[in-house]
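Report on the structure given below.
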Amino acid sequence: MIVLGLETSCDETGIAIYDTRHGLIAHRLYSQIAVHAEYGGVVPELASRDHVRKTLPLIHEALAEAGITVSDLDGIAYTSGPGLVGALLVGACFGRSLAWALGKPAIGVHHMEGHLLAPMLEDNPPPFPFVALLVSGGHTQLVQVDGIGRYTLLGESLDDAAGEAFDKAAKMMGLPYPGGPALSKLAATGDDKRFAFPRPMTDRPGLDFSFSGLKTFTRTKILALAVDGVLAGTDKADIAAGFQAAVVDTLSLKCKRAMQQTGIKRLIIAGGVGANVRLREQLRVTAEAMGGAVYYPRPEFCTDNGAMIAYAGAQRLAAGQCSDLAVAVVPRWPL
Ligand code: KG4
Ligand code: ZN
């Protein structure tokens, strides 16, 4: 089965083609970062307009890359939520309409299901069951995955998502949007022990997270150290390093606890924050120390992409599921 996947839930237009026999055969990504950078965050209306501009040209490029024509497609998958409603509607309308014109099935895919199945696109995919750490700009969740569509939420953030905390801390420090990658780059040059950042909610049982306190701690440090509103380079790097270490330690501890609680030794990391080098390394060490293994998508498939939607959609279409002709998107949608 050859499935076209469309991801337009936020600020990336991701288009990919997944073949259930040969794997991923095309992958195109257009990032709107430059469009939103001057506003310091995603502007929903601009995101929708840019998806409208880019979707068809990228589908055209992806078909050329795969060496197939549109009539070779057996189905179409699009992200139907959660995300920005206008942005989601672009991929859903293009995807559903194209499938109808071709007389092929279409399916709306949960964006976070896409993220948590992204490690399946790699050479050594994890067998079920596994524990998934989903860390993106909108979600921080630990999920037990027993199979496609068999997901049990083990814990989640009670306030900010990990990526959101990275982005907000970076903004306070005057770093460019998107803040996560910029903060982590700066952190590599800082001393992570200079400031005693808290490890929120690690001293009580359970698998939930809270990251808003780290934001407050960061703001307090910036106010104490800034001179005329400006932070010295080393202070900035040390705050970035301390912040990153606190997030990574907290995530690692909860992953370890989730593996102990479920008895499952396979851990996967997905979502944009999964591109963080320090997090990847620390989770690898944590899992291996427990006799387990950690699986990650390649960094470009940690952040939003069409490949994960094409893969997840292909699994569901192959199982006979499909969406009807009424185009429906769900901006807020639990996994
Ligand atoms: O999964 P994603 O691309 O979009 C959502 O579904 O939210 O995740 C984006 C988030 C942003 O908050 C971004 O700052 C964060 O992932 N991010 C990182 C890194 N790369 C992306 N955070 C920390 N370190 C990184 N290297
Ligand atoms: Zn995402």
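The values are calculated or read from the model by the stated rules, or taken from the named source; none is laboratory data. These numbers come from a predicted model, not from an experiment. Neighbour counts are summed over all protein chains in view; Cβ atoms, including those assigned to glycine, are modelled from backbone coordinates with ideal geometry. Ligands, DNA and RNA are stripped out before the accessible areas are found, and what is left, the full protein with its side chains, is counted by its heavy atoms. Shrake-Rupley method; radii C 1.70, N 1.55, O 1.52, S 1.80 Å.
Yes or no: segment 140-150 includes at least one residue that is farther than 30 Å from R21 by Cα and within 16 Å of ligand 2 (Cβ to nearest atom).
Yes, segment 140-150 contains a residue that is farther than 30 Å from R21 by Cα and within 16 Å of ligand 2 (Cβ to nearest atom).
Would you mind finding the one in A161, A182 that is within 24 Å of S31 (Cβ to Cβ), within 15 Å of ligand 1 (Cβ to nearest atom), open to solvent by less than 60 Å² (accessible area, probe 1.4 Å) and free of Cβ contacts under 8 Å to residues at least 40 places away in the same chain? Explain how you work it out, then say what you get.
Details: A161 fails: free of Cβ contacts under 8 Å to residues at least 40 places away in the same chain.
From the options A161, A182, the qualifying one is A182.
Residues of segment 260-273 being in a helix (DSSP H, G or I), modelled with pLDDT of 95 or more and within 16 Å of ligand 2 (Cβ to nearest atom), which ones? Please lay out each step first, then the result.
Let us first name the residues in segment 260-273 that are in a helix (DSSP H, G or I), namely 260-262, 272-273.
Checking which are modelled with pLDDT of 95 or more leaves us with 260-262, 273.
V273, the sole residue that qualifies.
Name the residues in segment 20-72 that are of a type in the set (D, E) and either exposed (fewer than 15 other Cβ atoms within 10 Å of the Cβ) or in contact (Cβ under 8 Å) with a residue 40 or more places away in the chain (or both), would you?
E38, E45, E61, E65, D72
Residues are listed down the side, and each one gets a yes or a no for (1) touching a His at 6+ places or on another chain (Cβ under 6 Å); (2) more than 19 Å from Q321 (Cα to Cα):
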position: C10; (1), (2): no, yes
position: T13; (1), (2): yes, yes
position: I17; (1), (2): no, no
position: Y30; (1), (2): no, yes
position: E65; (1), (2): no, yes
position: L98; (1), (2): no, no
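Can you pull out every residue in segment 140-150 that is open to solvent by 50 Å² or more (accessible area, probe 1.4 Å) and touching a residue at least 60 places away in the same chain (Cβ under 8 Å)?
If the condition is that a residue be open to solvent by 50 Å² or more (accessible area, probe 1.4 Å) and touching a residue at least 60 places away in the same chain (Cβ under 8 Å), then I148 is the only one that fits.
Might you check whether a residue that is over 30 Å from L4 (Cβ atoms) and in contact with a strand residue (DSSP E or B) (Cβ under 6 Å, 6 or more places away or on another chain) occurs anywhere in segment 269-280?
Taking every residue of segment 269-280 in turn, none turns out to be over 30 Å from L4 (Cβ atoms) and in contact with a strand residue (DSSP E or B) (Cβ under 6 Å, 6 or more places away or on another chain).
Say we look at segment 90-139 and pick out the residues that are among the small types (G, A, S), open to solvent by 40 Å² or more (accessible area, probe 1.4 Å) and within 20 Å of the chain's Cα centre (by Cα); which of these is farthest from P178 (Cα to Cα)?
G138
Taking helices (runs of 4 or more DSSP H) that do not extend beyond segment 32-148, which have at least 1 residues that are of a type in the set (D, E, K, R)?
Where helices (runs of 4 or more DSSP H) fall fully within segment 32-148 and carry at least 1 residues being of a type in the set (D, E, K, R), they are 44-66, 85-102, 111-117.
Can you name every residue in segment 164-179 that is in a helix (DSSP H, G or I) and either among the aliphatic types (A, V, I, L, M) or open to solvent by less than 40 Å² (accessible area, probe 1.4 Å) (or both)?
Here is the first cut: in segment 164-179, the residues in a helix (DSSP H, G or I) are 164-172, 179.
The answer is A165, F166, A169, A170, M172, G179.
Considering segment 285-335 alone, what residues qualify as being open to solvent by less than 40 Å² (accessible area, probe 1.4 Å) and assigned to a helix (DSSP H, G or I)?
Within segment 285-335, T286, A287, F301, A307, M308, I309, A310, Y311, A312, G313, A314, L317 meet the criteria.
Just to be sure, is G5 open to solvent by less than 40 Å² (accessible area, probe 1.4 Å), within 16 Å of ligand 1 (Cβ to nearest atom) and on the phi > 0 side of the Ramachandran plot?
no
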